[in-house]
Structures are given as C-alpha cells and as structure tokens.
Amino acid sequence: MNPLTSILGTIISGFVLAAVIVLALSTGSLNIWALEVWFHVLAGIVWIGLLYYFNFVQVPAVGNALAEADSGGPGPAAINKYVAPRALLWFRWSAVVTWLTGVGALQNLPGVGAVNAFTFEKFSFATPSTTVIGIGAWLGTIMLFNVWALIWPNQKKILGMVEASAEQIAGAKKVALMASRTNTLLSIPMLMCMVGWAHGLPF
C-alpha cells in the first residue's frame, strides 16, 4: 500500500523518516528543546500557511466567485461549505499548538525562560538576540488572540454556523478580514524575530 495515497499515511511516513534520521545521527540523549522547536515550527507552518492561503487565495477567489455568480458562475458555495470550515479548523488549532509549543520552547531556551520572554525581564536592547525573541512571542500572542477572539467568531457568522442577520454578516466580514490582514502583517516581523534571535536581524 502506497502511504502517499492518504494524508495520514503521508504524515506518518514523514515522522518515520524523521525518526530514522534522528536514530542514524543520534548522540544518545534526548534534546527536549530541539524537539519543542521542531513541533513549534511544524505547527507554525500549518498556521501561517493557512493564514496566507486565506489572504492570498481563498478571499480573492470567493470575491471572484461572488462577482461571477450573477453571470452563471458557480458562486462561493462550495468553498464556504466544504473548504472553509475544514481550513478554519486546522487554522485555529494549529495556532494554539504553535503558541503552546512556542511557550514550551521559550521555557527551555537556555538563559531565557517563557516568563522572561513575555515580560522582557533580563532583556535589554543592548542584547537584541534575547529581546527579539520576546517581541516575536508577543506578536504571535496577538495573532493567536485575533484568531480566537475576532476571526473565528465572525467566520461562524459568515459561514452560517451561527444565526446572524445580513447586517451582522456584513459587519462580521469586515472584522474577520481586518483581523486576518492584521495577522498577515504581523506574521512578517514575527517570523523575522523568531529567526533573528539565533541568527541576528538582517541589519
């Protein structure tokens, strides 16, 4: 049976291959911090990948579908019924996993700690490598808040998962779009900060 014929088989195969690489190159001790960072990056790719999908692909596609619906086009029904709910499920929970694994990685980052990252304790702009990770953590936290407090409740109205008037749906579309665009904006410096703590900022 070809594991690539199902998404579950593909993912399991990816983890098996990663385990083979770990066993082949293992030093014999478990590196908890590296494990947390790995899961943090995996979850983050799902989260930010879906964020970009919504902003760069789905929202413009639904706009086009709406514009063409009156001239015999298919309309946005298929996307809104089948694609959006599933994408939003992965989107919101990958945001939670990204944040939780990020906090865990910060807690085990030598000389930092999660509390220090969020309070900027022991940080100073004289040591930007440690300050930068705290800024990245706060940007990610704001993005998580936007997902759960602004995007998801309003998307439920837009997709008809909760009862809403036409006026409430119109308002929900604006709030969800602006929160999503805010997260897209914040993702750019957030990713720079997440990489920059170890490798330095690009200036």
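The values are calculated or read from the model by the stated rules, or taken from the named source; none is laboratory data. Treat the numbers as computed from the prediction; the structure is a model and nothing was measured. Backbone-built Cβ (ideal geometry, glycine too); neighbour counts: all protein chains shown.
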All positions within region 24-53 that are crowded, with 18+ Cβ neighbours inside 10 Å, under 8 Å from the mean Cα position of the chain (by Cα) and not β-branched (Val, Ile, Thr):
43, 44, 47, 50, 51
Assuming residue 83 fulfils every condition listed in (1) surrounded by 14 or more Cβ atoms within 10 Å (Cβ to Cβ); (2) part of a loop (DSSP other than H, G, I, E, B) apart from one, which condition is it?
(2)
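Count, please, the residues in region 22-32 that happen to be free of Cβ contacts under 8 Å to residues at least 60 places away in the same chain and assigned to a helix (DSSP H, G or I). Reasoning before the result, please.
Within region 22-32, the first condition is being free of Cβ contacts under 8 Å to residues at least 60 places away in the same chain, and the residues that meet it are 22-31.
Then drop every residue that is not assigned to a helix (DSSP H, G or I), which leaves 22-25.
Of the residues in region 22-32, 4 are free of Cβ contacts under 8 Å to residues at least 60 places away in the same chain and assigned to a helix (DSSP H, G or I).
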Residue among 89, 66 that alone is in the same structural domain as residue 120 (by TED's automatic domain parsing), modelled with pLDDT of 95 or more and either at positive phi or hydrophobic (A, V, I, L, M, F, W, C) (or both)
89
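Based on what the data block shows, is residue 12 loosely packed, with under 11 Cβ neighbours inside 10 Å and either among the small types (Gly, Ala, Ser) or over 20 Å from the mean Cα position of the chain (by Cα) (or both)? Before the answer, list the steps.
Numbers: loosely packed, with under 11 Cβ neighbours inside 10 Å: no; either among the small types (Gly, Ala, Ser) or over 20 Å from the mean Cα position of the chain (by Cα) (or both): yes.
Considered against the rule, which asks whether it is loosely packed, with under 11 Cβ neighbours inside 10 Å and either among the small types (Gly, Ala, Ser) or over 20 Å from the mean Cα position of the chain (by Cα) (or both), residue 12 comes out as no.
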Check region 121-134 and report whether any residue there is in a loop (DSSP other than H, G, I, E, B) and of a type in the set (S, T, N, Q).
yes
Residue 113 is checked against (1) out of contact with any Gly (no Cβ under 7 Å at 6 or more places or on another chain); (2) on the phi < 0 side of the Ramachandran plot and fails just one. What number does that condition carry?
(2)
Looking across region 183-203 at residues that are in contact (Cβ under 8 Å) with a residue 40 or more places away in the chain and not aliphatic (A, V, I, L, M), the single one that is farthest from residue 145 (Cα to Cα) is 200
Filtered residues of region 33-73 (kept if among the small types (Gly, Ala, Ser), free of Cβ contacts under 8 Å to residues at least 12 places away in the same chain and within 30 Å of residue 104 (Cα to Cα)):
34, 49
Restricting to region 177-191, name every residue that is surrounded by 17 or more Cβ atoms within 10 Å (Cβ to Cβ) and within 20 Å of residue 38 (Cα to Cα).
187, 190
